[in-house]
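Asks: Can you keep this structure in mind? I'll have questions shortly.
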Amino acid sequence: MALGGKDVGADSTKVRYLHCVFAYETDLVDSQNWLKTEAQRFASCTSAEEHLIDNVYVLKRGLLNLNHNRGRVEDDNGSAITSFYFSILNFIEREGNRRKETPYQDYASLLSGKKWVPLS
């Protein structure tokens, strides 16, 4: 299995992280060639040995899956954002089994108390 460009083999103790970018807009004006141009821009910032970003979703534009060098233009049905959501969900399901359980009791005290402010 490749982990950020490196083979982790049978070592099931190593976990990987999903690196996603959610953007409200892009400065690329040409919506026809947006997918390829945006992918080239991300590729120009990394080398072959680096693994920085897995997915990029730009609202109303589409989704780049940089690991597989492909993209999907957003449509009226929200297909690209749905694909983005399911890629995150599938990653969590797949990787969740490889990690230790989160000790929620260690965080419970941080979630209560005076830090929460009523909004009404």
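The values are calculated or read from the model by the stated rules, or taken from the named source; none is laboratory data. Keep in mind the model is a prediction, meaning the values are calculated, not measured. Using ideal geometry, Cβ is built from the backbone for each residue, glycine included, and neighbour counts are taken over all protein chains shown.
Asks: Any chance segment 4-20 includes a residue that's surrounded by 13 or more Cβ atoms within 10 Å (Cβ to Cβ), closer than 11 Å to Leu66 by Cα, in contact with a strand residue (DSSP E or B) (Cβ under 9 Å, 6 or more places away or on another chain) and at pLDDT 90 or above?
Replies: Looking through segment 4-20, at least one residue is surrounded by 13 or more Cβ atoms within 10 Å (Cβ to Cβ), closer than 11 Å to Leu66 by Cα, in contact with a strand residue (DSSP E or B) (Cβ under 9 Å, 6 or more places away or on another chain) and at pLDDT 90 or above.
Asks: With the structure loaded, tell me whether Ser47 is among the small types (Gly, Ala, Ser), over 13 Å from the mean Cα position of the chain (by Cα) and closer than 22 Å to Arg16 by Cβ or whether it fails that test.
Replies: yes
Rundown of residues vs (1) loosely packed, with under 13 Cβ neighbours inside 10 Å; (2) of a type outside the set (Lys, Arg); (3) within 21 Å of Tyr85 (Cβ to Cβ); (4) out of contact with any Ser or Thr (no Cβ under 8 Å at 6 or more places or on another chain), yes/no style:
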site	(1), (2), (3), (4)
Trp34	no, yes, yes, no
Phe42	no, yes, yes, yes
Leu66	no, yes, yes, yes
Arg70	yes, no, yes, yes
Val73	no, yes, yes, yes
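Asks: Let me ask you something else. Being charged (D, E, K, R) and under 15 Å from His68 (Cβ atoms) is the filter here; which residues of segment 39-58 pass it?
Replies: Of everything in segment 39-58, just one residue is charged (D, E, K, R) and under 15 Å from His68 (Cβ atoms), namely Asp54.
Asks: Which of the residues spanning segment 95-120 are under 28 Å from Tyr24 (Cβ atoms) and modelled with pLDDT of 75 or more?
Replies: Glu95, Leu119, Ser120
Asks: Since Ala80 meets every condition but one in (1) modelled with pLDDT under 85; (2) within 14 Å of the chain's Cα centre (by Cα); (3) of a type outside the set (Val, Ile, Thr), which condition does it not meet?
Replies: The single condition Ala80 does not satisfy is (1).
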